[in-house]
Every structure is written in C-alpha cells, then in structure tokens.
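Before any comments, here is the structure.
Any read-out appearing in this document is the output of simple, stated calculations on the displayed coordinates, not a laboratory observation. Predicted, not measured: the structure shown is a model, and the values here were computed from it. FYI the Cβ positions are ideal-geometry reconstructions off the backbone, even for glycines, and counts take in every protein chain you see.
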Amino acid sequence: MEVELGKSRANEDEAIKQAERATAELQNSKQDVQVLTRETQRLNEEIRELLTVKANLEDDLHKTEVEFTHYREEEYNRNQSVHREIEHLRNQREAKSSEVENLRERVDDLQRRK
C-alpha cells in the first residue's frame, strides 16, 4: 500500500509539474499573442498613414498634371500668337519693301525726266 501511495504521490507530483509547465506555456503564449496583437495594430496604423500619404501624393500628382497640361496649352497658344505676330511683321516688312522699291522707281523716273 505504501508503494502504491508513493507511486500515487509521484504521479500527483508529475501531474502538478505538467500542469505548471502547461500554465507557464499558456502564459507565454498569451504574452506572445499580446505582443503580436500590439505589433499588428502598430503595422495597421502605419499602413493607414502610408495610404493617406499615398492618396495625398496621388492628388498632388493629378493637380500637377492638370497644371502642366494647362501650362502647355497656354505656352502653345503664346507660341502661336508670337508666330502670327512674326508673320504679320514679315508681311509688313515685305509691303514696306515693296513701297520703298516703288518710291525708288518713281524717284529714278523723275530724275530721268529732268
């Protein structure tokens, strides 16, 4: 009977040790879950911040594209205006040159008649 009682106590002691190890392992697992949960929350917050930054950058890029397109159109229109003005000045120069040539011819005619 004493032998059985000793075995029973040994089994009880072993069961207590196993329960303590399981409790410690469970506690460690809970701590791991808490750490991982906090890290997941931190990473989710970081992702939200990065998505906000990305959205702001995309908005800025779109605004810049619109502004650049507008600028390019304005620049094209200015260039067209300058080209028209240059063409107008060339035409005036040709007209004046033609007038000068006509006046020279008249002067020559008048000088020959004298």
### Query
How big is the gap, in Å, between the Cα center of the stretch 59-101 and the Cα center of the stretch 7-47?
77 Å
### Task
Run down the lysines and flag those whose C-alpha is under 25 Å from the C-alpha of Lys30, throwing out any fewer than 8 positions away in its chain.
Lys17
### Query
Which whole-Hz couplings ³J(HN,Hα) result when phi for each residue of the stretch 8-16 is put into the Karplus expression 6.51 cos²θ - 1.76 cosθ + 1.60, θ = phi - 60°, listed in order with x for Gly and Pro?
5, 5, 5, 5, 5, 4, 5, 5, 5
### Message
Which one, Leu61, Ile47, Ser29, is farthest towards the positive end of the dipole of the stretch 1-82 when Lys and Arg carry +1 and Asp and Glu -1 on their Cβ?
### Response
Ser29
#### Entry: Local net charge near Glu65, Cβ-Cβ under 12 Å (Lys/Arg +1, Asp/Glu -1)
-2
### Task
Under a cut-off of 16 Å between alpha-carbon atoms, report the aspartates and glutamates in cross-link reach of Lys114, not counting same-chain residues fewer than 8 places apart.
Glu105
### Query
What is the diffusion coefficient of the stretch 1-82 in µm²/s, taking the Kirkwood radius over Cα pairs and the Stokes-Einstein relation at 25 °C with a viscosity of 0.890 mPa s?
126 µm²/s
### Query
Stretch Asn28-Asn44 to full length: gain in nm at 0.36 nm per residue minus the Cα-Cα span?
3.4 nm
### Summary
Filtered hits (lysines, Cα-Cα < 24 Å from Lys54, offset >= 8 within chain) -> Lys63
### Query
Can you work out ³J(HN,Hα) from phi for every residue in the stretch 50-65, in order, using Karplus 6.51 cos²θ - 1.76 cosθ + 1.60 and θ = phi - 60°, giving whole Hz and x for Gly and Pro?
5, 5, 5, 4, 4, 4, 5, 5, 5, 4, 4, 4, 4, 4, 5, 4
### Task
Step through the residues of the stretch 95-104 one at a time and calculate ³J(HN,Hα) from phi using the Karplus curve (6.51 cos²θ - 1.76 cosθ + 1.60, θ = phi - 60°), rounding each to whole Hz and writing x for Gly and Pro.
5, 5, 4, 5, 4, 4, 4, 4, 5, 4
